[in-house]
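Data first, discussion second: the structure below is written as structure tokens.
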Ligand SMILES: [Zn+2]
Ligand SMILES: [Zn+2]
């Protein structure tokens, strides 16, 4: 596999040699731009006026727009989008609604990181029609690799609004010049930025499996947007042409707003209401003089690009003729406020879209940024109302994203639970920290302590640890949770074998069929068509017969269904009769359909943040793992069961049909993608009336009433943010009910008609008895005292104790022991236990009671041992009195008495 960086380099070289093939050279010349080479970094760039450095702040010397905006327009967040969308609509683009930030339609990532993610892989590959063409979209996108830069550089965000301009065309319909001119005119005419202020860089960009040359738009050191001409698909060896040519332009919405105003940072103009509140409640106000001076340099502090941040701070403060400490004191608390505002906005989008913070996967980073907020609040002693911040964000963004107010209550609840977890965590941290006192903590230790135990470096500092925290601390933590795509394990090489025709999709009721053997791989048989459902989508496989030979397992590999038929003698080309086991299929379909019902019920009871994490349907039971931020109460579990059984009673239709993916997404939204993501152009949509719609490939019933009954067996937390519900349905549930009833009847016979009262009485009596037994034991141990034998100035007691377990022996021994005692007891309860103790004086005189216990235990058919002073063991049987005699002899021998 060649690295993406290497591929980008190759594309850049190619486009550098052949600009006409990749860039809108005609249009560039038309607007009077010329191609030049940067004397500092050597890259090709285009500009209207003569210049010898490119537009990058590193080459052109920081940002030149602060306090001096080159734009004629001064749009706010919402009206900027409206103006942009009007401008592009007039030029033939269709504005579409944003996609969720949770990328449910993809398996390679949990978050949408750029607007093109919405259309990968199927739209980009040409398999699926785009929702409009060409189109524009204001897509919130999330990345965690810049967390440490947020707040400081003025331009970095975890979530930024990536305004996309996209076209997906056949190569001959691709309009390079138009796409470029539309964007250029927007910057030039729409924002009112003069030509001479715009510098265009040639570069290459790749992501999500695609790649292309690109043109970056810089204005006074700030990169506003990047227009990627996505012509390639990344392969194992390099890259190859896509069948479609894709335009992928991403415009930083926050940056556009910022450059319109030329303020010190982009945060205030993009989140004005929230910043107003935060300034008010904390009493912090940015020192505008320092920030205005600082911001042009802050680009140097980009933690991605610098090695030693401390030296950059020094350099910047020198150039500003300020003391480093003074500079940091002016910058850091304000940067913390910006971070809080930004992170809570990111969380609002993510939680609204159904993500739950967790300790695993990329969702861990959601927890991390929330804790970063709480850590700042604690460090500076701020009392910030988090609910109010997310509410203010939602209200402010309403003109663009009205949906943000819909789940607000849930978002608040999830953040409350996260805050509680944070507080609890701090208490546990104290214990861990105790064990670390005096240790030198490395950078790796710090990341590990934070990642695994949530112990923040600030906290360690307050506890007196001297530590060096890396400047890219949060990025290092986030790095540990990068989504890794699981390589699907392949059991058989099925290359060259045609996909099996799946009769269970055409007719779920078909259980008898005829098919031709097309391949035999030892015990495994491939047919041209089959009604056997293979293990997939969390549903176990069918069983049955092929020509009276038993089918014991069925799997699917790349669309090819393989049947395991031990002892078969089929030849390729032979026609066979297939017969699927009816009972098993029925029960699997009952459990599968119940999973849909359970999910819709859980969403109804717990909230729309609930998604299917995974599911498993077997014949004896089923389980559904759902995303949820806290434990369930008994009432909630009961309510989920009640709603599920209500759905059964209402006898809804379970509709199964194939739909074009595009149409299904439009109609039902991304809630469709509950299980794994079925690939391809068409999607099999399973609907329960109009209550629930899922893309699903399993076997289902036709009506909910066929389920009969659902019983939840229990629930537990399987990982942070994931709750497992175990349940049974249909015949299995009925059997469970019958069994429960039978047990109840049995109990009634034993304790009477009122079982609860009967059991309560039993419990009471049992408790009383236990107390009495303890009393008796105490009396017993008192009684044992006279039977000590005196030997060599020691008191020796060797005997058995009836109905005593290990604990009892221990108690008795403790009560009787002294410096001069040797005690060996064998208890006869359910099994034999051996316990021995020898006092200080006895040990000095040569007694090793552990040794005695070992021998006694062995004699009794068990095992034991210990120290000279204490021994413990067990036995399984034997003549206890004989063994005790032997024990005495051993002790005498140790004392030199025999
Ligand atoms: Zn340069
Ligand atoms: Zn299903």
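Read the figures in this text as sums done on the coordinates, not as results from a lab. Predicted, not measured: the structure shown is a model, and the values here were computed from it. Because the Cβ atoms are built from the backbone with ideal geometry, glycine has one as well, and the counts that use them run over all protein chains shown.
Please say if region 586-738 is rounded, prolate or oblate, where rounded means a/c under 1.5 for a ≥ b ≥ c the square roots of the C-alpha gyration tensor eigenvalues, and otherwise the choice is prolate for a/b larger than b/c and oblate otherwise? Spell out each step's value before the answer.
Working: a/c = 1.74, a/b = 1.26, b/c = 1.38.
Verdict is oblate for region 586-738.
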Centroid-to-centroid separation of region 142-157 and region 519-573 [C-alpha atoms, Å]: 53 Å
Taking the C-alpha atoms of the chain, convex hull volume expressed per residue in Å³: 252 Å³
Mean shadow area of region 825-898, taken as a quarter of the surface of its Cα convex hull (nm²): 4.2 nm²
Whole-Å distance, taken between Cα centres, linking region 225-259 and region 392-463: 35 Å
Globularity index of region 300-479, i.e. its alpha-carbon radius of gyration over 2.2 N^0.38 Å: 1.13
Modelled label reach - residue 178, point 7 Å along Cα→Cβ, region 92-117 residues with backbone N closer than 17 Å: 92-95
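Please work out how much length the chain gains when fully extended from residue 37 to residue 657, using 0.36 nm per residue of separation minus the C-alpha to C-alpha distance, in nm with one decimal.
So the chain would gain 217.4 nm between residue 37 and residue 657.
Which shape class applies to region 4-270: rounded if a/c is under 1.5, otherwise prolate when a/b exceeds b/c and oblate if not, where a ≥ b ≥ c are the square roots of the Cα gyration tensor eigenvalues? Spell out each step's value before the answer.
Details: a/c = 1.38, a/b = 1.15, b/c = 1.20.
Since a/c stays below 1.5, the shape of region 4-270 is classed as rounded.
Between rounded, prolate and oblate, where does region 1-55 land on the alpha carbon gyration tensor, with a ≥ b ≥ c its root eigenvalues, rounded for a/c under 1.5, else prolate if a/b exceeds b/c? Working shown, then result.
Working: a/c = 3.46, a/b = 1.55, b/c = 2.23.
Cα axes put region 1-55 in the oblate bin.
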For a label point 7 Å along the Cα-to-beta-carbon line of residue 761, residues of region 731-750 with backbone N under 19 Å: 744-750
Residue 461-residue 749 pseudo-label distance in nm [points 7 Å out on the Cα-to-Cβ vector]: 7.3 nm
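Sum -39500 (n - 2.57) across every DSSP H segment of at least 4 residues in the chain, then divide by the residue count to get the 222 nm mean residue ellipticity, nearest 500. Please report the intermediate quantities before stating the final value.
Numbers: 29 runs with 357 residues, N = 898.
Value at 222 nm, helices only, nearest 500: -12500 deg cm²/dmol.
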